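Undergrad: What follows is a single structure, and I will ask about it in a moment.
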Amino acid sequence: MVPVADDARRAPAGQGPLSRVLPAVGHALHALGVGRHEPPPPPLRPTERVVGQVRRLVADAQVLHDVAAERVGRNDHTMREFVLIRDRLADLVGEDGAAVRTELSTRFDDPEQCTRMARLVGGDEVLTIQAFDAYRYARARGRGAGSSVDELFLVVERGGGAGRGAPEVVAVLPLDPDTLQWEDALRGGSPEAWLRELTRFVEQDAAAVSAQVGQLRRS
C-alpha cells in the first residue's frame, strides 16, 4: 500500500492545495481584466491613423536631432530657424504665461517632393505665388493655467538652408484629425482621395526618417 500524507487524507474532496490557490489566481486575473470578454476598441479613423504616423515621424526625428547634437554639437537645423518656427507655433497654441515645447522633424527639401506637397496642401496658387522649397512636420506642446495643448502642424518654408540664414515660413497648417477630415471633404475629388494622398506622403516621409534612425543605431 502506498502511504498517504495525513493532510491529503484529511482534506475533503475538492479542498486540496490547488483548490485554495486557483480562486485567488482567478480573482487576480479578473482584477487585471484577463479573461473578460470586452469589445475591441473602435477602429481608428483614417485621419487619426495619419496623425499617429506624424507623431512617430516627429519622435524619430528627435532621435536624429539628439544624435546630431551629441556628435557634432548642433542639430540639423540652425538655431535661428528653430527659434523662428518655435515662436510661430507658440503664437498659435500658447496662452499667456504658457510654456510651449516645440519638436521639429527633419527638413524635407527635395524639389520634386516639395512640388508634390505644394500641390497637395495648397494647389497651384501656393505653388506659383508662394513657392516653397522645404517643409517640416512639427509638434507643439503647451501647458498653461489649468489647460494643456498638444498639436501637430505642417510648416512650409521658403529659402533658408545651408549658408542662407533662417527661412521664411510660408504657412503653418494644422494636422489634427478634425481639420484633416474637413480638408478631405473640401479637396477630395472622390471620397477620401485627398486624405489618401496625404497619408501616402506622410508614410513616405516617416519611412525615410525611420531608415535614418535605424542606420544610426547600427553604426
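Undergrad: Residue by residue through segment 201-219, note down the ones that are open to solvent by less than 30 Å² (accessible area, probe 1.4 Å), within 17 Å of Tyr135 (Cβ to Cβ) and not aromatic (Phe, Trp, Tyr). I'd like the intermediate steps shown before the answer.
TA: If we filter segment 201-219 for residues that are open to solvent by less than 30 Å² (accessible area, probe 1.4 Å), which is where we start, we get 201-202, 205-206, 209, 213-214.
Retained after the next criterion (residues that are within 17 Å of Tyr135 (Cβ to Cβ)): 201-202, 205-206, 209.
Listed by number, the residues that qualify are Val202, Asp205, Ala206, Val209.
Undergrad: Mind checking which pairs have a first residue in segment 186-197 that is touching a residue at least 12 places away in the same chain (Cβ under 8 Å) and a second that is open to solvent by 80 Å² or more (accessible area, probe 1.4 Å), Cβ under 6 Å, 6 or more apart or different chains?
TA: Pairs that qualify, where the first residue is touching a residue at least 12 places away in the same chain (Cβ under 8 Å) and the partner is open to solvent by 80 Å² or more (accessible area, probe 1.4 Å), are Trp194/Arg187.
Undergrad: Also, quick follow-up: Only one of Leu64, Leu84, Leu89 is crowded, with 16+ Cβ neighbours inside 10 Å, at pLDDT 70 or above and within 20 Å of Asp205 (Cα to Cα). Can you tell me which?
TA: Leu64 is the lone residue from the list that is crowded, with 16+ Cβ neighbours inside 10 Å, at pLDDT 70 or above and within 20 Å of Asp205 (Cα to Cα).
Undergrad: Oh, and also: From Leu198, Leu175, Leu180, which residue is open to solvent by less than 30 Å² (accessible area, probe 1.4 Å), modelled with pLDDT of 85 or more and touching a Ser or Thr at 6+ places or on another chain (Cβ under 6 Å)? Reasoning before the result, please.
TA: Numbers: Leu198 fails: touching a Ser or Thr at 6+ places or on another chain (Cβ under 6 Å); Leu175 fails: touching a Ser or Thr at 6+ places or on another chain (Cβ under 6 Å).
The conditions single out Leu180.
Undergrad: Scan segment 189-197 and give yes if some residue there is out of contact with any Leu (no Cβ under 8 Å at 6 or more places or on another chain), hydrophobic (A, V, I, L, M, F, W, C) and more than 19 Å from Arg56 (Cβ to Cβ), otherwise no. Before you say what the answer is, go through the steps one by one.
TA: So in segment 189-197, the residues out of contact with any Leu (no Cβ under 8 Å at 6 or more places or on another chain) come out as 189-193, 196.
This time we only want the ones that are hydrophobic (A, V, I, L, M, F, W, C), so: 193.
Going one step further and asking which of them are more than 19 Å from Arg56 (Cβ to Cβ), we end up with 193.
Looking for residues that are out of contact with any Leu (no Cβ under 8 Å at 6 or more places or on another chain), hydrophobic (A, V, I, L, M, F, W, C) and more than 19 Å from Arg56 (Cβ to Cβ), one finds at least one in segment 189-197, hence yes.
Undergrad: Let me ask something else. So which of Ala140, Ala131 is open to solvent by less than 20 Å² (accessible area, probe 1.4 Å), outside any helix (DSSP H, G or I) and either modelled with pLDDT under 85 or under 16 Å from Leu173 (Cα atoms) (or both)? First the steps, then the outcome.
TA: Working: Ala131 fails: open to solvent by less than 20 Å² (accessible area, probe 1.4 Å).
Testing whether each residue is open to solvent by less than 20 Å² (accessible area, probe 1.4 Å), outside any helix (DSSP H, G or I) and either modelled with pLDDT under 85 or under 16 Å from Leu173 (Cα atoms) (or both) leaves just Ala140.
Undergrad: Then there is this: I'd like to know if segment 112-127 contains one or more residues that are more than 17 Å from Val156 (Cβ to Cβ) and modelled with pLDDT under 85.
TA: Going residue by residue through segment 112-127, those that are more than 17 Å from Val156 (Cβ to Cβ) are none.
Checked segment 112-127: no residue is more than 17 Å from Val156 (Cβ to Cβ) and modelled with pLDDT under 85.
Undergrad: Scan segment 150-169 and give yes if some residue there is closer than 22 Å to Glu81 by Cβ, at pLDDT 80 or above, open to solvent by 60 Å² or more (accessible area, probe 1.4 Å) and not in a strand (DSSP E or B), otherwise no.
TA: Of the residues in segment 150-169, the ones closer than 22 Å to Glu81 by Cβ are 151-169.
Restricting the remaining residues to those that are at pLDDT 80 or above gives 151-158, 168-169.
Right, trim to open to solvent by 60 Å² or more (accessible area, probe 1.4 Å) and you get 151, 158, 168.
With not in a strand (DSSP E or B) added as a condition, the list becomes none.
Looking for residues that are closer than 22 Å to Glu81 by Cβ, at pLDDT 80 or above, open to solvent by 60 Å² or more (accessible area, probe 1.4 Å) and not in a strand (DSSP E or B), one finds none in segment 150-169, hence no.
Undergrad: Moving on. Contact list please: Cβ distance under 8 Å, first residue in segment 202-217 and within 18 Å of Arg71 (Cβ to Cβ), second residue among the β-branched types (Val, Ile, Thr) and part of a helix (DSSP H, G or I), pairs at least six apart or on different chains.
TA: Val213/Val63; Leu216/Val63; Leu216/Val67
The values are calculated or read from the model by the stated rules, or taken from the named source; none is laboratory data. Only a predicted model underlies this, so the values are computations on that prediction, with no experimental measurement involved. Methodologically, a virtual Cβ is constructed for each residue, glycine included, from the backbone with ideal geometry; neighbour enumeration extends over all protein chains shown. Areas reflect the complete protein model, heavy atoms only, side chains present, ligands, DNA and RNA absent. Shrake-Rupley method; radii C 1.70, N 1.55, O 1.52, S 1.80 Å.
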